[in-house]
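Notes to accompany the following structure.
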Amino acid sequence: NLSTFSSQLFAAASSVSVSFNDASKSALEFARQGLGVEETLKRTRDSLILAKIAGMDFSNSATAITAALNSFSNELITSADLVDRLTNADANFAVSAGDLAEAIKRVGSTASDANVTLNETIALVTAAQQVTARGGAVIGNSFKTIFTRLGRSSVLSDLERIGVATTDASGKMLPLVQVLKNLASTYDSLGDRQKNYVAELV
């Protein structure tokens, strides 16, 4: 079994043009999680692809994939799905797959708890980076703060008072992405003092 695993790991490393040593580092990260041989090899291959495309360290790539899959486990995505989504955003927008992975690693769990999907998280990070040119770590931490604050009833009440809809007709809280959209459409009409207050609030 070990011989077969080594051969398949070598094949995965060769297919992505990385050394066996680098592939072993990624495989070790996944093997520590108690994954089976087949799943370890799949995630290792995808991790190597992401590392090559994003210019990431191989261990960091493995950690980022693990964090994203664990955070959005309810969406039943595979490591290949994740890498496809990150590289598609990288190819079509002014954002790198590495920054996306770093941001998701930091905000993924909070986003999932706030019922923000993986695609929405990728979209938010992409939009923020295109406008601000900040790194994935900064953007990820910022959205983590925003999602946490928008989960507070006092913050939502304050937003309602300035005309930002946070609930639907039945009084049920709107998805956080919709609340952010409603805030965006209202923000420019606010006075300077109100803008500063809302920025600090959210």
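The values are calculated or read from the model by the stated rules, or taken from the named source; none is laboratory data. Being a predicted model, the structure only gives us computed values, none of them experimental. Glycine gets a Cβ as well: all are built from the backbone with ideal geometry, and neighbour counts include every protein chain shown. Side chains are part of the model used for accessible areas, which takes the heavy atoms of the whole protein and leaves out ligands, DNA and RNA. Shrake-Rupley method; radii C 1.70, N 1.55, O 1.52, S 1.80 Å.
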List, please: which pairs have Cβ atoms under 7 Å, are six or more places apart or on different chains, and start with a residue in the range 1-27 that is open to solvent by 40 Å² or more (accessible area, probe 1.4 Å) and end with one that is among the hydroxyl-bearing types (Ser, Thr, Tyr)? Lys25/Ser59
Checking Ser189 against (1) assigned to a helix (DSSP H, G or I); (2) more than 19 Å from the chain's Cα centre (by Cα), which single condition isn't satisfied? (1)
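For the range 131-172: of the residues being of a type in the set (A, V, I, L, M) and modelled with pLDDT under 90, which is surrounded by the most Cβ atoms within 10 Å (Cβ to Cβ)? Outline the logic, then answer.
At the first step, the residues of the range 131-172 found to be of a type in the set (A, V, I, L, M) are 131, 133, 137-139, 146, 150, 155-156, 159, 162, 164-165, 169.
Now restrict to residues that are modelled with pLDDT under 90: 133, 162, 169.
Values: Ala133: 9, Ile162: 15, Ala169: 6.
Step by step, filter the range 131-172, then rank; the result is Ile162.
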Show the residue pairs meeting these rules: Cβ distance below 8 Å; 6+ apart or different chains; first residue within the range 114-137 and of a type in the set (Gly, Ala, Ser); second residue open to solvent by 50 Å² or more (accessible area, probe 1.4 Å). Ala114/Gly151; Ala128/Arg134; Ala128/Ser142; Gly136/Arg106; Ala137/Arg106
On the basis of being surrounded by 21 or more Cβ atoms within 10 Å (Cβ to Cβ) and in contact with a Gly (Cβ under 6 Å, 6 or more places away or on another chain), does Ala111 make the cut? no
Counting just the residues of the range 86-96 that are in contact (Cβ under 8 Å) with a residue 12 or more places away in the chain and closer than 12 Å to Ala54 by Cα, which one comes out surrounded by the fewest Cβ atoms within 10 Å (Cβ to Cβ)? Thr87
Given Asp81, Asp99, which one is farther than 21 Å from Val138 by Cβ, acidic (Asp, Glu) and open to solvent by 20 Å² or more (accessible area, probe 1.4 Å)? Asp81
